[in-house]
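Q: Let me give you the structure first, and then I'll get to my questions.
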Amino acid sequence: MSRVGLIVNPAAGRDIRRLTGGASVVDNYAKRRVATCVLEGLTAVSEPPDALVMPDRRGISDHVLEEAPDDLTVETLEMLVESTAADTRRAATRFREDDVDVVVALGGDGTTRDVACEIGDVPVVAVSTGTNNVVPTAVDGTVAGVAAALLATGAVPAADATTRHGMIEARAETAGGTQRLSALAAAEVSTQSFIGTRALLDPSDLRGGVVSRAHPADIGLAAIAGAVECLEPTEPGGVAVRLTEPDDAARTVRAVLAPGVTATVGIESLERLEWNEPAAFDVPDGVVGADGERELELTETTVELTPVPDGPRLVDVDATLSAGVEGGALEHAGRLQSTED
């Protein structure tokens, strides 16, 4: 029996960048609608997979079950709900352990990162409903559901439609022990002393970091690096970026720091890194961030940021649908009816 896991992060797309930048608002009603569309998309194949939905306290999962197509078997995953990022990680762990064939995750880079940390080799359809959306795809929920159904049922082999996305591992030795942090697209070092509102918005705070991908169409540190040198998500390794004040820099770029926020940034150096090759950053007093959000407070220490190849298997939705067409997976047998005059 094929199954698709559905993760909807109620907290995604609700941070301070709605007020200080131009990030769009994705409320829980919109997430409910996208999730319902995902389930509708599962019915595009002749024998739809079952669906297992992560529970929440905002009523999203309850609504999804109520609105699910009649010919689809949908259940709520039984798990503890804390209304924190731990819910996403816990659901991803359960989906991996329960041999779910594909996971559809609704959220931003933070949600996708939480899924990636626990999902193992299960293919992930990352649908953008968050703030930082470098990795998740802006795709219609129904289309995402069709792609998930094709993969879950084996109509399209996962090897033909997924790519392995890299990650960045942060490691620092502190008086309190070893501190670790995982990032999906970018691990950033800032001079802010406290985590505060989390969002990285002021370019003067940013001192650099390591990215697993780089393109001017990305956001944050990945866009800064991408303004000088592009790194495709499928390419090995990463790029270490060291920043300085624009007036002191030999090279400056204009990049998208956050949704609705562009900035001129001074670049001190860029260095290509191989897989598992660390870049060291001294942190007198600052914070290490992951994908645009400050996470780890450090003082008088050195943090190593290392690109690693064992990130999530992300689904290429367009490639999946094209392969499904080539295999005839979306064609259903018709019924010829005869009439008598």
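Q: To the nearest 20 Debye, how big is the dipole of the chain about its Cα centre, given +1 on the beta carbon of each Lys and Arg and -1 on that of each Asp and Glu?
A: 680
Q: When the helix-only estimate is applied to the chain (DSSP H runs of n ≥ 4, each -39,500 (n - 2.57), divided by the residue count), what is the mean residue ellipticity at 222 nm, nearest 500 deg cm²/dmol?
A: Value at 222 nm, helices only: -6500 deg cm²/dmol.
Q: Can you give the FRET efficiency to the nearest 0.05 for Tyr29 and Ser269, using r as the Cβ-Cβ distance and R₀ = 51 Å?
A: 0.65
Q: Next up: Tell me, what HN-Hα J-couplings in whole Hz come from the Karplus equation 6.51 cos²θ - 1.76 cosθ + 1.60 at θ = phi - 60° for each residue of the range 143-151, using x for Gly and Pro?
A: Calculated HN-Hα couplings, in order: 5, 4, x, 4, 4, 4, 5, 4, 6 Hz.
Q: Oh, and also: Near Arg89, within a Cβ-to-Cβ distance under 13 Å, what is the net charge of the other residues, with Lys and Arg +1 and Asp and Glu -1?
A: -1
Q: Another question about this same structure. Output the Cα-based Rg and Dmax of the range 255-336 in Å, rounding Rg to one decimal and Dmax to a whole number.
A: Just the Cα atoms of the range 255-336 yield Rg and Dmax of 22.3, 77 Å.
Q: Return the Cα extents of the chain along principal axes one, two and three, sorted largest first, each rounded to a whole Å.
A: Taking max minus min along each principal axis of the Cα atoms, the chain gives 89, 39, 35 Å.
Q: Show me, for the range 214-224, the HN-Hα J-couplings you get by feeding each phi into the Karplus relation (A = 6.51, B = -1.76, C = 1.60, θ = phi - 60°), rounded to Hz, glycine and proline as x.
A: 3J(HN,Hα) across the range 214-224, in whole Hz: 8, 6, x, 7, 7, 10, x, 4, 5, 6, 4.
Q: How do the peptides 169-178, 117-126 rank, highest first, by the average count of neighbouring beta carbon atoms within 10 Å per residue?
A: 117-126, 169-178
Q: For Leu231, list long-range residues whose amide hydrogen, built 1.01 Å from N in the peptide plane, is under 5 Å from its own amide hydrogen.
A: Ala214, His215
Q: What percent do you get for the relative contact order of the chain when only Cα pairs under 8 Å and 6+ apart count?
A: After rounding, I find 19 percent.
Q: Still on this structure, please answer the following. Length gain on complete extension for the stretch Asp121 to Thr262, per 0.36 nm per residue less the alpha carbon to alpha carbon distance?
A: 47.2 nm
Q: In nm, to one decimal, how far is the modelled label at Ser46 from the one at Glu331, with both set 7 Å along Cα→Cβ?
A: 1.1
Q: Write down the percent of antiparallel bridges among all DSSP beta bridges whose residues are both part of the chain, to the nearest 5.
A: 75
Q: Continuing with this model, one more query. May I ask which residue of Ala126, Ile267, Gly324 lies farthest towards the positive end of the charge dipole of the chain, with charges of +1 (Lys, Arg) and -1 (Asp, Glu) on Cβ and the Cα centre as origin?
A: Value: Ile267.
Q: Which ³J(HN,Hα) values, rounded to whole Hz and listed in residue order, are derived for the range 263-278 from phi using the Karplus coefficients 6.51, -1.76 and 1.60 in 6.51 cos²θ - 1.76 cosθ + 1.60 with θ = phi - 60°, glycine and proline given as x?
A: Working through the residues one at a time gives 8, 8, 10, x, 9, 7, 6, 10, 9, 6, 10, 7, 4, 6, 9, x Hz.
Q: Something else about it: Protein chains only, probe 1.4 Å: how do Met54, Met1 rank by accessible area, largest first?
A: Met1, Met54
Q: Return the distance in nm (one decimal) between the two label points of a simple spin-label model at Glu67 and Thr174, each offset 7 Å from Cα along Cα→Cβ.
A: That separation, rounded to one decimal, is 4.2 nm.
Q: Starting from the amide H of Thr301, placed 1.01 Å from N in the peptide plane, find each other amide H under 5 Å away whose residue is 5 or more places distant or on another chain.
A: Amide H neighbours of Thr301: Val283.
Q: When you count, for each residue, the other Cβ atoms within 10 Å and take the mean per peptide, how do 255-266, 101-112 rank with the highest first?
A: The peptides rank, most packed first, as 101-112, 255-266.
Q: Please list, in chain and number order, the residues 5+ apart from Thr162 or on another chain whose amide H is under 5 Å from its amide H, with Hs placed from the backbone.
A: Placed amide hydrogens put Asp316 under 5 Å from Thr162.
Q: For the range 213-286, give the magnitude of the charge dipole about the Cα centre (Cβ charges: +1 Lys/Arg, -1 Asp/Glu; no others), in debye to the nearest 20.
A: It comes to approximately 280 debye.
Q: Run the numbers for Leu80 and Thr301: contour at 0.36 nm per residue of separation, minus the present Cα-Cα distance, in nm.
A: 75.9 nm
Q: If you take the charge dipole of the chain about its Cα centre, with +1 on Lys and Arg Cβ and -1 on Asp and Glu Cβ, which of Ser83, Thr163, Val189 is farthest toward its positive end?
A: Val189
The values are calculated or read from the model by the stated rules, or taken from the named source; none is laboratory data. None of the values given here were measured: they were computed from a predicted structure. Reconstructed Cβ throughout: ideal geometry from the backbone, glycine too, with neighbour counts over all protein chains shown. Areas reflect the complete protein model, heavy atoms only, side chains present, ligands, DNA and RNA absent. Shrake-Rupley method; radii C 1.70, N 1.55, O 1.52, S 1.80 Å.
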